1. Considering amide H positions built from the backbone, and no H for Pro or chain starts, which residues 5 or more places from residue 283, or on another chain, come under 5 Å of its amide H?
2. Using DSSP, restrict attention to beta bridges with both residues in the chain and report what percent are antiparallel, rounded to the nearest 5.
3. With θ set to phi - 60° and the Karplus curve 6.51 cos²θ - 1.76 cosθ + 1.60, what are the ³J(HN,Hα) couplings of region 43-60 in order, to the nearest whole Hz, using x for Gly and Pro?
4. What whole-number value in Å² describes the accessible area per residue of region 6-119 for a 1.4 Å probe?
5. Could you name the aspartates and glutamates in cross-link range of residue 359, using Cα to Cα under 15 Å and dropping any fewer than eight places away on the same chain?
6. For residue 365, which sequence-distant residues (separation of 5 or more, or a different chain) have an amide H within less than 5 Å of its own amide H, given hydrogens modelled in the peptide plane?
7. Would you work out the relative contact order for the chain, in percent, from Cα pairs under 8 angstrom that are 6 or more residues apart?
8. Would you mind putting 216-225, 358-367, 98-107, 138-147 in packing order, based on average other-beta-carbon counts within 10 Å, highest first?
Amino acid sequence: MTDKIETPKFGPLTGVRVVFSAMEIAGPFPAQMMAEWGAEVIWIENVAYADTIRVQEFYSQFSRRNLHSLCLNIFSDDGKAAFLKLIETADVFIESSKGPAFSRRGITDDLLWQHNPALVIAHLSGYGQWGEDKYINLPSYDHIAGAFSGFLIQNGEKDQPIPPFPYTGDYISGMTVLSSVLAALYNAKATGKGESIDVAMYEALLRVGQYYMVDYFNNGKLYPRSTRGKDPTQVGCGVYKCNDGYIVMDLVGWKQIQGMLTVMGEDHLLGSDDYPEGIQGIRADSPAADYLEEKLDQFFAGRSIEECEALFAELVVAGTRVLTIPELESHPHYVARNNFIEWQTQDGDTVKGLNVTPKFKNNPGKVWRPMPKRGMDSRSIMSELGYSDSDIASLIEQGLLKTDDQ
């Protein structure tokens, strides 16, 4: 048995220790991203039941790689004492729960700062740490946050709101945690004073859903949802069906609009008061908008994806085929950028998934460890914190600590 956990030195976050207590996607996502960028990340797992993500055979291997697993009841007296010792060694603590659940159970920000004044704390919940009592203690997942934030109502088809998949709200919330933690960590390193961050999932989605909303707040304009995958505000922006599949296009810029309408034989519309020379986009509420969308549908329906891609290149129009998942694996650009890699699980099986992103030039991230088994690092972490073999055995006997060999 080693007396400490070991993490190789690599990436821009080498030397940073992150502790997190969270399940599923949104909370663990930022911690695991930091692990791929070189941070030493300790995943606190529940002793009573495993993270539900573990039932996902392949996604769990992707979403929990590079982590160390400590299976500890941090809300028991003895478990809390060990947890606070761990916090003394950490730079960041991330937790995801129903509102102020940690505070209610005695683990407050002030208590954590008593043990580590420079600690960056991130609380992730559906509705935030404070507000209307009827909301802050409610459970939330991706779709719930989307519905409450006004994000979901803007997505889908004209007669049916549809959540954006897969789990966009979870990942946006996770990215919000990640960016805010890094900002707070920068300040904590400079000042020695920590931070507590309150990330409400609905607010993360509210932040990225403002593109259409601000028009309503300022002039009462409400945009309809998409019709067949088209942008509700702009002509020529969205999904179009070719005779052998789908392409997507963003017709933006005067030269691009002029070129596309000329090829279609509709350039006679340009130069009018409605579509004056130099316009950068064709508004969906302009006089000929419906007519032009119909003509675009007809134009692309009579051509192949390859023909459309060649036209986009010629006219310098932003557009591409809508790739299927099987097409990604062998796509030459994906291959050139090494977007997918293989690694071995703890059991020696081979899994395949996304490589580390984004790509750091001078301090690249890497995958160095598969998902740990539940409690795999419990002994090493507790030993590092000063617990003897007999102390560890006692905690295991009390059901407060689990190891992967139990």
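The values are calculated or read from the model by the stated rules, or taken from the named source; none is laboratory data. Computed from a predicted structure; not experimentally measured. So basically every Cβ, Gly included, is an ideal-geometry build from the backbone, and we count neighbours across all protein chains shown. Heads up: the accessible areas ignore ligands, DNA and RNA and are worked out on the full protein's heavy atoms, side chains in. Shrake-Rupley method; radii C 1.70, N 1.55, O 1.52, S 1.80 Å.
1. The answer is 235.
2. 45 percent
3. 9, 8, 9, 6, 6, 7, 7, 7, 4, 4, 5, 5, 6, 7, 4, 9, 5, 4
4. Accessible area per residue: 36 Å².
5. 36
6. HN-HN under 5 Å from residue 365: 360.
7. So the answer I get is 20 percent.
8. Numbers: 216-225: 10.9, 358-367: 12.6, 98-107: 16.3, 138-147: 19.2.
Ranked by mean Cβ neighbours within 10 Å, highest first: 138-147, 98-107, 358-367, 216-225.
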